[in-house]
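Worksheet for the structure shown next.
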Amino acid sequence: MDYNHKAYLWIRSFIFLCIFELLHYSFELFPNIIVQIFSGINESNFQHWKIGYYSYLILTLVEFLIFHKKIADENKEKFIYSHLLSALFVP
């Protein structure tokens with residue numbers, strides 16, 4: 001499946017929500033300092049922004065590892081920079 005395909009965008013959105021939920025409740029399951037960095041520790045807005053940011057970065061990393069052969073060498077920088085910029089706007 002192409003990473004610009006419409007069905008992939010729906011799948012990607014669902015995977016983002018799954019990662020978000022996993023990070024949202026991971027501190028309750030594993031209460032330690034390392035998980036606290038990536039997970040939410042309370043229900044404040046900042047914690048949800050933090051979870052959204054890290055969820056999107058994890059999704060981008062997985063997406064890059066899956067599609068790195070399909071992304072041309074000159075497009076790798078565009079892919080990385082556009083996704084990092086998008087990660088700033090997700091929260």
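Applying the criteria of a DSSP loop state and at most 12 other Cβ atoms within 10 Å to the trypsin sites (Lys or Arg not before Pro) of segment 1-78 yields LYS69, LYS70. Note on the chain: Cα-Cα pairs beyond 20 Å make up 40% of the total pair count. Farthest toward the dipole's positive end in segment 6-89, which of ALA72, GLY52, ILE11, given Cβ charges of +1 (Lys, Arg) and -1 (Asp, Glu) about the Cα centre? It is ALA72.
Only Cα pairs under 8 Å and 6+ residues apart enter the sum, and on that basis the relative contact order of segment 6-89 stands at 25 percent.
Panel order for LEU88, LEU57, by other beta carbons found within 10 Å of each beta carbon, from fewest to most: LEU88, LEU57.
Coordinate-derived values only; no laboratory data. Just so it is clear, the model here is predicted, and its values are computed rather than measured. Heads up, the Cβs are rebuilt from the backbone with ideal geometry, glycines too, and the neighbour counts pull from every protein chain shown.
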